[in-house]
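Below is one structure, written out as structure tokens; comments come after it.
The values are calculated or read from the model by the stated rules, or taken from the named source; none is laboratory data. As the structure is a computational prediction, the values presented were derived from the model and not from experiment. Every residue, glycine as well, gets a Cβ built from its backbone with ideal geometry; the counts of neighbours run over all protein chains shown.
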Amino acid sequence: MKKLGITVFFLALVGLAIFGLQCSSREMPYDLIIKGGHVINGAGNPWFKADIAIKGDKIVAIGRLDESLAKKVINAEGLMVTPGFIDVHTHCDRGISRIPTADNYLLQGVTTVVGGNCGGHPFPLAELFKKLEETGISLNFACLIGHNTIRRQVMGYKMEAPTPEEMAEMKRLIDQEMKAGAVGFSTGLAYLPGIYSTTEELVELASAVAPYGGIYASHIRDQGDKITEAIEEAITVGERNGIPVLISHIKLAKDSVWGELERITRPVEAARRRGVEVFLDQYPYTATSSGFTSSFPSWAFEGGRDKFKERLADPTQYQKIKDFIIARRLTSARGRDKLETIYIAYCKKFPQYEGKNLKQILQLKGQKPTIEAAADLIIDIEKNGGAQGVFFQMDEKDVEALMRLPYLMHASDGGIQQRGRGVPHPRNYGTFPRVIARYVREKHILRLEEAIRKMTSLPAQMYRLTGRGLIAVGMYADLTIFDPEKFEDKATFAQPHQYSQGLEYVIVNGTVVVEHNRHTGKKPGRILYGPGKTKEES
């Protein structure tokens, strides 16, 4: 009898445990519910009010949901809930292994970045991917193959066209990188050594990414008087290989062509009518940022930096280089003082130059601020290791007009930043909130829903990022939640190391990474491998 009592008691405990588990399963089917937000699904449609449920890394329900069914509830009343922003043009590949939390991107609402732009990437990619898989990252990361990197590996700084053997080796390396997981091929045709390449070389090399469904992203050769021809070259590379084309950080970057948008829209829209997928990306500022090598004639660097210094020692060649810099970088068709429009963002050799324009630096050195002296200064900076510059080259009206194009995406052209280091372009901290605060809320250039489309579903569509870029059941739970009246950039050219305000939450693969505008330190991000790797593994 005693045994029977113990058995009954034991069975009762088991029954209660099973019942409890069933109740727990029934009562808590979701990990997270976002309650009562204004949902912008990313497709360009008007917002609607709904709750969103997340289980694991996916969105599993949208509608009116009982908050008691989730382990955690976010009250999103009065807030906008959008897909996480996708930045298609970054240089995050340079710093993401050093700062895997990517604070300056997540605190803009960005959940996915694409690196390897403008012709440069860490080689070989497999090593970077392996390191990131081991250490973890806070956002999703995809990467392109850089043409400059590949050409430098095989040909160094030679100006010549590649031999058949060199071409074959470059294509082999591109194939290797696509199989490692790259999403496409990028060029930086204003930089070394890509500036030495021909259109035929680019067409041939891009053929190596075509079998994998990669894209061609190009920092084109010219963004001024010859921008139309430069765009047409990029279109040729994509069209002849049957792959999408992305024109990087589109702009009219010379005051002689300000206002002439048809130089851009005419070739792009003609190609789209022919069935070529052509897209543009843009950062919402009137200043560019890059090194100074593109200010020099391409022949100046042939053979590498030692040869460059040898040429500077020759008075005749020095003068030719100087004349080129004056014509290309320091001359204005509108009478602007170019010495006041060029700032130094970061300079290892001369940190005292950081945050100052060329005129201020020359005055600091006790020199008269002339164009001649400014050209000498640029040469001296490059001779001593170079610098990152900020160049005010664009007109605000052009920025606004380009932003309206339906095939244009918002992007930063920035990188992972160590807070307080140098005086970088504010786009590194403010691109996405700036679009919403300045161009949606203040200037009414775009509807909010259209701006979000250009940050989410359009980039996902172009890069074939399956399962991302939209709020829908079954999609990955990459979400950004912000106050529509307060979300804005705080970074300025004078004080760029400032995070945005009005950002409430960022969720990456179902995990809260930003809460009330503060990084949680979590690393749920993933490598978004291209089809070359996924095909190899399947």
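Within the range 348-381, the set of residues being touching a residue at least 60 places away in the same chain (Cβ under 8 Å) and touching a strand residue (DSSP E or B) at 6+ places or on another chain (Cβ under 8 Å) comprises E354, G355, I381. When F493 is tested against the conditions (1) of a type in the set (F, W, Y); (2) assigned to a loop (DSSP other than H, G, I, E, B); (3) buried (at least 19 other Cβ atoms within 10 Å of the Cβ), the lone failure is (3).
Once the range 43-91 is narrowed to residues that are hydroxyl-bearing (S, T, Y) and at pLDDT 95 or above, the residue that is nearest to Y463 (Cα to Cα) is T90. Taking the listed residues A313, A345, A327, the one that is touching a residue at least 12 places away in the same chain (Cβ under 8 Å) and aliphatic (A, V, I, L, M) is A345, with no other qualifying. Criterion first (touching a His at 6+ places or on another chain (Cβ under 6 Å) and under 20 Å from P297 (Cα atoms)) does T198 satisfy it? It is false that T198 is touching a His at 6+ places or on another chain (Cβ under 6 Å) and under 20 Å from P297 (Cα atoms).
Of all the criteria given as (1) surrounded by fewer than 17 Cβ atoms within 10 Å (Cβ to Cβ); (2) in contact with a Phe, Trp or Tyr (Cβ under 8 Å, 6 or more places away or on another chain); (3) β-branched (V, I, T), the one not satisfied by T163 is (2).
So which of A300, A270, A327, A333 ends up being crowded, with 18+ Cβ neighbours inside 10 Å and either closer than 18 Å to L246 by Cβ or not acidic (D, E) (or both)?
A300
Scanning the range 71-114 for residues that are out of contact with any Gly (no Cβ under 8 Å at 6 or more places or on another chain) and of a type in the set (S, T, N, Q) gives a single hit, S97.
Contact map, the range 128-141: residues that are at positive phi paired with residues that are outside any helix (DSSP H, G or I) and of a type outside the set (V, I, T), Cβ distance under 6 Å, separation 6+ or inter-chain. Pairs shown: G136/K523.
Go over the candidates G78, G84, G115 one by one and state the one that is touching a Pro at 6+ places or on another chain (Cβ under 9 Å) and crowded, with 24+ Cβ neighbours inside 10 Å. Before you say what the answer is, go through the steps one by one.
Numbers: G78 fails: crowded, with 24+ Cβ neighbours inside 10 Å; G84 fails: touching a Pro at 6+ places or on another chain (Cβ under 9 Å).
Of G78, G84, G115, the one residue that is touching a Pro at 6+ places or on another chain (Cβ under 9 Å) and crowded, with 24+ Cβ neighbours inside 10 Å is G115.
Q108 meets the conditions (1) free of Cβ contacts under 8 Å to residues at least 24 places away in the same chain; (2) part of a loop (DSSP other than H, G, I, E, B) in every case but one. The failed one is (1). I need the full set of residues from the range 416-449 which are more than 15 Å from the chain's Cα centre (by Cα), within 18 Å of F391 (Cβ to Cβ) and either β-branched (V, I, T) or not assigned by TED's automatic domain parsing to the domain that holds N140 (or both), in order please. Selection gives V423 alone.
Can you tell me which residue within the range 164-190, out of those that are hydrophobic (A, V, I, L, M, F, W, C) and not in a helix (DSSP H, G or I), is farthest from Y463 (Cα to Cα)? The selected residue is A190. Selection of the range 329-354 for residues being among the charged types (D, E, K, R) and over 28 Å from W258 (Cβ atoms) yields K348, K349, E354.
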